[in-house]
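Q: Could you have a look at this structure, given as structure tokens, before my questions?
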Amino acid sequence: MKQLKETEKALLMEKNAVPFWIKRQWLKADGSLSAAGVKAYAIAAREHWKHWDFDAIKTFALVRETEKAVLLRCEVELPHENRTAPAEFWVPRSLTCDYKFVCRKAKEVLERFPFVGAKVRGLA
């Protein structure tokens, strides 16, 4: 386990190629994780979106993450221009597993593209 980044209140750690945020107090003096830290790692390692009805890994790309939120990128299809355009949006970490919230945020991206028929690639 190694430390990648730190803030005043939290640490970005990496274990088995899985990055995850923990509060400083969740790291014991000997460098091991407390029960809350183990839980944070387990949540990060789990495939949150595997139960969704679309392939979230292909629909969204993780651009950046902080201790409180993740920045996702998606492609918006613009059929009248025969092209796609990238769009990014933030999702709070606590809601990354909430299918309806992430879909709603992705569809809000369409407000930036005032074209009839625009849609997020990969979402129905």
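Q: Once label points are set 7 Å from the Cα along Cα→Cβ at both SER94 and LEU123, what is their separation, rounded to one decimal in nm?
A: Label at SER94, label at LEU123, 2.2 nm between them.
Q: For the chain, modelled as a GNM with alpha-carbon contacts under 10 angstrom, which of GLU14, GLU67, GLU75 fluctuates the most?
A: Judging by the Gaussian network model, the answer is GLU14.
Q: A further question on this structure: Return a single number: how many Lys pairs in the range 2-45, at a sequence separation of 8 or more or on separate chains, have alpha-carbon atoms below 16 angstrom apart.
A: 12
Q: Apply 1/(1 + (r/R0)^6) to the Cβ-Cβ distance of LYS28 and LEU62, taking R0 = 25 Å, and write down the FRET efficiency to the nearest 0.05.
A: Details: r = 29 Å, r/R0 = 1.14.
Between LYS28 and LEU62 the formula returns 0.30.
Q: Determine which lysines satisfy two conditions relative to LYS119: a Cα distance under 26 Å, and not lying fewer than 8 residues away in the same chain.
A: LYS50, LYS58, LYS100, LYS105, LYS107
Q: Give me the angle, in degrees from 0 to 90, between the Cα long axis of helix 35-45 and the longest principal axis of the Cα atoms of the chain, rounded to the nearest 10.
A: Taking the Cα atoms of the chain, the angle to 35-45 is about 30 degrees.
Q: Over the chain, calculate the relative contact order: mean separation of alpha carbon pairs under 8 Å at least 6 apart, over the residue count, as a percent.
A: Details: 179 pairs, mean separation 20.2, N = 124.
Value for the chain: 16 percent.
No value in this document is a laboratory result; all are computed from the given coordinates. This one's a predicted model, so the numbers in the text were calculated from it and none came from an experiment. Because the Cβ atoms are built from the backbone with ideal geometry, glycine has one as well, and the counts that use them run over all protein chains shown.
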